[in-house]
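Reviewing the structure listed below.
The values are calculated or read from the model by the stated rules, or taken from the named source; none is laboratory data. Being a predicted model, the structure only gives us computed values, none of them experimental. Note that we place each Cβ from the backbone using ideal geometry, even for glycine, and neighbour counts take in every protein chain shown.
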Amino acid sequence: MTAKHESEMSQLYIRRNEINAIRKRASPARMELRNTREDRELVAEYDSVVDELSAADHTRASLAEEMDKREGWMRQDQEKAEATPFKNEANRSTEQAKTHEAILTDLRAKFEPADAAVNALQERLSEIEDRLLEL
């Protein structure tokens with residue numbers, strides 16, 4: 001690793017740790033807010049959105065992980081196709097790269113709605129939390 005890369009990454013790790021600490025402090029506060037409200041219908045809506053958000057976030061993360069893998073495999077196969085002196089092996093690697101590219105295109109098409117769903121659910125959760133605070 002270069003010193004520049006290391007210094008840039010350490011800043012990201014520091015920021016990630018700060019965000020994680022904020023989330024840890026926020027989680028008990030959210031639970032206290034949820035548990036102290038008498039409007040059970042609103043609390044039920046809150047719980048439902050939290051569950052939906054968790055599932056949607058998991059789906060989005062799975063798609064992102066699979067996209068990263070496919071991009072890497074596609075690049076490897078493209079490089080292998082260019083580097084090999086054997087035509088059959090080059091053709092096979094090119095075909096594999098095309099397969100990864102097609103799957104990647106499909107994954108990207110699925111990722112956009114998954115990302116939009118997570119964003120919409122986060123916004124909805126924020127609105128419900130605001131309503132819980134008003135009570």
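I'd like to verify a number: residues in the range 85-97 that are within 22 Å of residue 108 (Cβ to Cβ) and either aliphatic (A, V, I, L, M) or outside the structural domain of residue 107 (by TED's automatic domain parsing) (or both), how many?
Total satisfying the criteria: 1.
Out of 30, 16, which single residue is free of Cβ contacts under 8 Å to residues at least 12 places away in the same chain and either surrounded by 10 or more Cβ atoms within 10 Å (Cβ to Cβ) or not assigned by TED's automatic domain parsing to the domain that holds residue 117 (or both)?
16
If residue 38 meets every condition in (1) in a helix (DSSP H, G or I); (2) exposed (fewer than 12 other Cβ atoms within 10 Å of the Cβ) apart from one, which number is that one?
(1)
Please work out which one of (1) in a helix (DSSP H, G or I); (2) more than 25 Å from residue 120 (Cβ to Cβ) is the condition residue 33 fails and give its number.
With (1) in a helix (DSSP H, G or I); (2) more than 25 Å from residue 120 (Cβ to Cβ) applied to residue 33, the lone miss is (2).
Is it the case, given these coordinates, that residue 100 is within 30 Å of residue 26 (Cβ to Cβ) and either within 15 Å of the chain's Cα centre (by Cα) or part of a helix (DSSP H, G or I) (or both)?
no
Can you find even one residue in the range 77-92 that is at pLDDT 95 or above, within 26 Å of the chain's Cα centre (by Cα) and more than 26 Å from residue 59 (Cβ to Cβ)?
yes
Residue-wise test of (1) of a type in the set (Gly, Ala, Ser); (2) modelled with pLDDT of 90 or more; (3) in contact with a helix residue (DSSP H, G or I) (Cβ under 7 Å, 6 or more places away or on another chain).
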| site | (1), (2), (3) |
| --- | --- |
| 6 | no, no, no |
| 14 | no, no, no |
| 19 | no, no, no |
| 22 | no, no, no |
| 34 | no, no, yes |
| 48 | yes, yes, no |
| 51 | no, yes, no |
| 58 | no, yes, no |
| 62 | yes, yes, no |
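Any residue in the range 94-121 that's loosely packed, with under 13 Cβ neighbours inside 10 Å: show its pairings with residues that are in a helix (DSSP H, G or I) and of a type outside the set (A, V, I, L, M) at Cβ separation under 9 Å, as long as the two are six or more apart or on different chains.
The qualifying pairs are 95/77.
Of the numbered conditions (1) free of Cβ contacts under 8 Å to residues at least 40 places away in the same chain; (2) crowded, with 16+ Cβ neighbours inside 10 Å, residue 75 fails exactly one; give the number of that condition.
(2)
For the range 43-66, does any single residue satisfy the condition of being over 28 Å from residue 112 (Cβ atoms) and loosely packed, with under 12 Cβ neighbours inside 10 Å?
Scanning the range 43-66, I find at least one residue that is over 28 Å from residue 112 (Cβ atoms) and loosely packed, with under 12 Cβ neighbours inside 10 Å, so the answer is yes.
Answer yes or no: is there a residue in the range 63-84 that is in a helix (DSSP H, G or I), in the same structural domain as residue 49 (by TED's automatic domain parsing) and closer than 30 Å to residue 44 by Cβ. If you could, list the steps in order and put the result at the bottom.
Taking the range 63-84 first, the residues in a helix (DSSP H, G or I) are 63-83.
In the following step, the residues that additionally are in the same structural domain as residue 49 (by TED's automatic domain parsing) were identified as 63-83.
Restricting the remaining residues to those that are closer than 30 Å to residue 44 by Cβ gives 63.
Taking every residue of the range 63-84 in turn, at least one turns out to be in a helix (DSSP H, G or I), in the same structural domain as residue 49 (by TED's automatic domain parsing) and closer than 30 Å to residue 44 by Cβ.
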